[in-house]
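First comes the structure, then the notes that go with it.
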Amino acid sequence: MPATILTVPPFSTLCNAAFALRREVFVWEQKVPEADEHDADDMTATHFVAILEGEVVGTLRLIDKPEHIKIGRVAVRQAFRGQGIARQMMLAAMDHARAMGRDRFFLTAQTDKLGFYERLGFTAFGPEFDDAGMPHRAMRTYAW
């Protein structure tokens, strides 16, 4: 069953549920320091949520940069992984940006997720780096 994907304003009820989900996935599961989980971009980002069975089960955010749209904080509740929710959110978010005339996307991916993003048209570049204790690579959908 496909999830319902919505854009939500920062600190709305649904966005707060997304922030709670990010804490669950990044802070509790992946041991990201809580101080690193939220940043100033949360105030200006476009936040997306995936709703399934009446609850927020996925989230991501888009940050509008001059040179590209940065996608980040992609998270799906553990019990709902493997059902295509992250893919559905990514496609909806990229379509949203394209509707605004933006088609250059950038993200940093945990290295074990590279294949997922490659299937969405991203290419890794640059060296592997540590972010919050996990190996990451930069990825983009365009050439510089």
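The values are calculated or read from the model by the stated rules, or taken from the named source; none is laboratory data. Every value quoted in this text rests on a predicted model; they were computed, and no experiment measured them. Don't worry about glycine lacking a Cβ; one is built from the backbone with ideal geometry, like all the others, and counts go over all protein chains shown. Keep in mind that these areas ignore ligands, DNA and RNA; they rest on the heavy atoms of the full protein, side chains included. Shrake-Rupley method; radii C 1.70, N 1.55, O 1.52, S 1.80 Å.
According to the Kirkwood relation over distinct C-alpha pairs, the hydrodynamic radius of segment 20-72 is 12.2 Å. How much net charge surrounds A93 when only other residues with a Cβ under 14 Å from its Cβ are counted (Lys, Arg +1; Asp, Glu -1)? Here the charged neighbours net out to +4. With a ≥ b ≥ c the root eigenvalues of the C-alpha gyration tensor of the chain, is it rounded (a/c under 1.5), prolate (a/b larger than b/c) or oblate? Since a/c stays below 1.5, the shape of the chain is classed as rounded. Report note on the peptides 12-19, 62-69: ranked by the mean count of other C-beta atoms within 10 Å, highest first, their order is 12-19, 62-69.
Taking the Cβ of V76 as the center, what net charge do the other residues with Cβ under 15 Å away carry, scoring Lys and Arg +1 and Asp and Glu -1? It works out to a net charge of +3.
Protein heavy-atom surface of segment 8-59, 1.4 angstrom probe: 59% of the accessible area is carbon and sulfur, with nucleic acids and ligands not counted.
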